[in-house]
Amino acid sequence: MARYTGPKTRICRIFGEPLLGNGKYLTKNSNPPGQHGVARKRKPMSEFALQLKEKQKAKYTYGLLEKQFRNTFKDASRKKEATGEVLMQLLECRLDNTVYRLGMSPSRPGARQLVSHKHITVNGEVVNIPSYRLKPSDTIGFKKKTFSNSGLTSKVTRKQNNITWLDWNEAEMKGTFISLPERKSIPENINEQLIVELYSK
């Protein structure tokens, strides 16, 4: 599956947020990329530019390229509920994102690699598709061989308390996808309404 492989620090400096890492480099240089950095005079962004930037932020955050993101939006627009909220729900129920949210990997790229390399199971079956959409009551865990690999399991961190739609069993190192998240529960700083307006043109 295609993924972004370009410079990560540049992307984080464009948005001023640690979208693709822990953000330690932003404390040293948070200016936008370019030769003149902060001294460069920038024109006020147009409505279209703001909408496009918000879409780009969502794509980089969840690790999708344009075609996959557009298809996800089309799926969201077919639902009766608010398109923006459904879009965020579909992005959150991806397997790679859920592995990251559960703390099984410290980053989304790392979670994607765990899935692609067949270390993750869903309901006891190995799934190696990062975009696999989870359903309520699905259980996520490590493959038996991976479970005994301390090099991988030692990187497991505790699930964040605000991720209420997931449950983590530390003893068994398994997680459960309880339900689709409400928009207010998703911690990402994304204005999905701007994305809806962009694709509605």
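The values are calculated or read from the model by the stated rules, or taken from the named source; none is laboratory data. As the structure is a computational prediction, the values presented were derived from the model and not from experiment. All Cβ positions, glycine included, derive from the backbone under ideal geometry; neighbour counts span all protein chains shown. We work out accessible area using only protein heavy atoms, side chains counted, and drop any ligands, DNA or RNA first. Shrake-Rupley method; radii C 1.70, N 1.55, O 1.52, S 1.80 Å.
Observations on the structure shown:
- Taking 29 Å as the limit for the C-alpha separation, the pairs 135/155; 57/143; 79/155; 53/74; 80/135 exceed it in the case of 57/143; 79/155.
- Oblate is the label for the stretch 93-152, because a/c, from the alpha-carbon gyration tensor with a ≥ b ≥ c as root eigenvalues, is 1.5 or above and a/b does not exceed b/c.
- Note on the stretch 49-112: the alpha carbon radius of gyration divided by the globular reference 2.2 N^0.38 Å gives 1.15.
- Taken along its principal axes, the alpha carbon cloud of the stretch 133-193 reaches lengths of 44, 22, 19 Å, longest axis first.
- Residues of the stretch 119-134 falling in the label zone of residue 170, defined by backbone nitrogen less than 15 Å from a point 7 Å along Cα to beta-carbon, are absent.
- Cα gyration tensor shape of the stretch 80-201, rounded if a/c is under 1.5, else prolate or oblate by comparing a/b with b/c: prolate
- When all protein chains stay in place and ligands, DNA and RNA are ignored, the 1.4 Å accessible-area order of 52, 87, largest first, is 52, 87.
- FRET efficiency, residue 50 to residue 139 (Cβ-Cβ, R0 45 Å, nearest 0.05): 0.65
- Rough spin-label spacing in nm, given labels placed 7 Å along Cα→Cβ, for residue 67 and residue 193: 3.3 nm
- Taking 15 Å as the straight-line reach from the Cα of residue 118, the aspartates and glutamates in range (excluding those fewer than 8 positions away in the same chain) are 96.
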